[in-house]
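Let me begin by presenting the structure, written as structure tokens, before commenting on it.
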Amino acid sequence: MTAPNTLSQAWSSAHVDRVAAPLREQVISALRSAILDFTLRPGQRLVERELIEQLGVSRTTIREALRELTSEGLVTVVPQRGAIVSAPSLAEAEDLYEIRAVLESILVERFVERATDEQLARLDDAVENFAEFSTGDQEIKLVLDAKDGIYDVLIKGAASPTLQNIIEGIQARVRILRATSMAEPGRAVEVATELRAMASAAKQRHAKEAAELCATHVRNASKTALLHLRQADNGSDQN
């Protein structure tokens, strides 16, 4: 069955509060959360009129919010169709995974070099928390949230504002690809095994080994996600 492509069917949200925070920021936050939680899924049309009715704000505010989300890579403006929730192309995904492999391996190396013993213990805890969510039939959002918890620990321990800004700048786009990868049966369990190996190397202060294990983990994830995108591309070519 085709997923709903109107906001009224896909997403229910109360009007935003006009007092608590600037209106534009509230609208951006509401839409960003709906996209990252997969309430609004890749390819979902974002019709201005529906957004105005849904959120109770002006057309100008909606357009400003969509421009911001477009700059973040979460929304794409398609000629003749308007704004849609971004769905990374195969070429974009290939680039994102290569960028991730490089950046995240540097992040892990800096983490091992700079983290306190307490932060190393937190990494272990975060990995085990993810491992718990990776078993059974947990919602993909919960699994992704647990994975984000690992990155929170790594970013804090690495103590590099430069790396933090760059990595956080692509995390939202990567989340969509992570969902594709970890939705593959058995992949989340494999991820837990890979991350445990990385955390073990980190605990022993083997920075290069931990960084290499991180890069291997990212490239393993890319195989699954890119396979799905190639199959989707081939399917669309045949239709």
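The values are calculated or read from the model by the stated rules, or taken from the named source; none is laboratory data. Just so it is clear, the structure is predicted and the values come from calculations on it, not from any experiment. In this analysis, Cβ positions are derived from the backbone assuming ideal geometry, glycine residues included, and neighbour counts consider all displayed protein chains.
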Scanning for something polar (S, T, N, Q) and at pLDDT below 95, does region 99-115 turn up at least one residue? no
Show the residue pairs meeting these rules: Cβ distance below 7 Å; 6+ apart or different chains; first residue within region 46-74 and free of Cβ contacts under 8 Å to residues at least 60 places away in the same chain and surrounded by 20 or more Cβ atoms within 10 Å (Cβ to Cβ); second residue polar (S, T, N, Q) and not in a helix (DSSP H, G or I). Q54/S13; L55/S13
May I ask you to verify whether V127 is in contact (Cβ under 8 Å) with a residue 12 or more places away in the chain, part of a helix (DSSP H, G or I) and surrounded by 17 or more Cβ atoms within 10 Å (Cβ to Cβ)? yes
Please find, among T135, T193, T116, the residue that is without any contact (Cβ under 8 Å) to a residue 24 or more places away in the chain and more than 14 Å from the chain's Cα centre (by Cα). T193
